[in-house]
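Notes follow the structure.
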Amino acid sequence: MLEKVKMIWAQGGMLTRLVWLNVVVFLVLMTLTLGDRLMGGALSSVVPSEGAWTLATSWRLETLASRPWSVLTHMFAHQGLWHLAMNMLLLFWMGRLYHAEVGSRRLLSTYLAGGLAGWLAYFLLSNGFKPMQEGSVFALGASASVMAIFGATATLRPDARFNLILFGQVALKHLFWGYVVLDYFGLSQGTNPGGNVAHLGGALFGVLLVQQERKGRQLLGWLEWVLDALASRSIRIPKRKRSRFEASTGNRWRAKEREASRAPMSDDEYNADRKDREARLDAILDKISKHGYDHLSPEDKRFLFDQSQR
């Protein structure tokens, strides 16, 4: 059972899924481009290849109207291997720390909301200031989402340290603000204004998310409600069913009475008690995966510790 507990901490399931989703989308886009080239443009005559085969978003209203889904899909699409690698490395490094603090659901909601915040900053500023429109009319990449997770993690654990070549140990808060300064410098140079604005928008959202949560304001409550509804395939709140753990409460009491009387358990009682403990452990590990260890009750933490010693 101790190995099962260690596994849930090591895997960080949602983080792995996010990384793989970005990798798979990249491979699909590269395959479409290669196939279109080999087929003499037959694919692009059916689906426009510009703007990552309609997955990239845009600041132009007419372009956006023809691909409204791109507000979401752009944060999973990348235009080159280096672009993908840098984003996924930063997502993996920061995501592990963030996942350990808040769990899978908050990791996913921060990724999505950070991408939306970056897109909103890009859209508003590009339409508000003509110099921001220089360059490509399309935008794509997970950078804003990753920067939101980076900002949230740096706000939660500002004194966490990373070993950097040439610099030695650097506090996470200094590393984060260094990234922000680099994006601000890039914005001033005008080399990639849309991308820099999106990065800054995502970073600011990540910081505000944690700061507001400390004040009791849940910025992501609505999004997590939507995610929960989609996961259950129904917006209607289902009637709560008794879990296998709850259904076997009688077995637990019988086991305790048997233990108190020092009488040996029968095979049926032993099997029922073992199933009961496994069901409760599964429920606790599911809580850790979704919400983080800190959200466990003292009773759940005590049970988890006792099982790790078996």
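The values are calculated or read from the model by the stated rules, or taken from the named source; none is laboratory data. The model shown is predicted, which means the values in this text are computed figures rather than measured ones. Please note: Cβ atoms are built from the backbone with ideal geometry, for glycine as well, and neighbour counts cover all protein chains shown.
Annotations for the structure displayed:
- Just one of the listed residues (Ser126, Ser145, Ser109) is part of a helix (DSSP H, G or I), over 22 Å from the mean Cα position of the chain (by Cα) and either small (Gly, Ala, Ser) or in the same structural domain as Ile288 (by TED's automatic domain parsing) (or both), and it is Ser126.
- Within segment 129-142, considering residues that are surrounded by 22 or more Cβ atoms within 10 Å (Cβ to Cβ) and aliphatic (A, V, I, L, M), the one farthest from the chain's Cα centre (by Cα): Ala139
- Long-range neighbours under 7 Å by Cβ, at least six apart or interchain, first residue touching a residue at least 12 places away in the same chain (Cβ under 8 Å) within segment 150-164, second surrounded by fewer than 24 Cβ atoms within 10 Å (Cβ to Cβ) and of a type in the set (Lys, Arg): Ala154/Lys173; Pro158/Lys173
- A count restricted to segment 187-216 and to residues that are surrounded by fewer than 17 Cβ atoms within 10 Å (Cβ to Cβ) and either farther than 19 Å from Gly115 by Cα or aromatic (Phe, Trp, Tyr) (or both) stands at 7.
- Positions within segment 278-298 being at pLDDT 75 or above and more than 18 Å from Leu107 (Cα to Cα), in sequence order: Glu278, Ala279, Arg280, Leu281, Asp282, Ala283, Ile284
- For Leu230, the requirement of being modelled with pLDDT under 90, in a helix (DSSP H, G or I) and either exposed (fewer than 15 other Cβ atoms within 10 Å of the Cβ) or outside the structural domain of Ile149 (by TED's automatic domain parsing) (or both) is met.
- Leu29 vs. criteria outside the structural domain of Lys287 (by TED's automatic domain parsing), surrounded by 13 or more Cβ atoms within 10 Å (Cβ to Cβ), modelled with pLDDT of 95 or more and not basic (Lys, Arg): yes
- Every test in (1) aromatic (Phe, Trp, Tyr); (2) surrounded by fewer than 23 Cβ atoms within 10 Å (Cβ to Cβ); (3) closer than 14 Å to Gly201 by Cβ is passed by Trp119 save one, and that test is (2).
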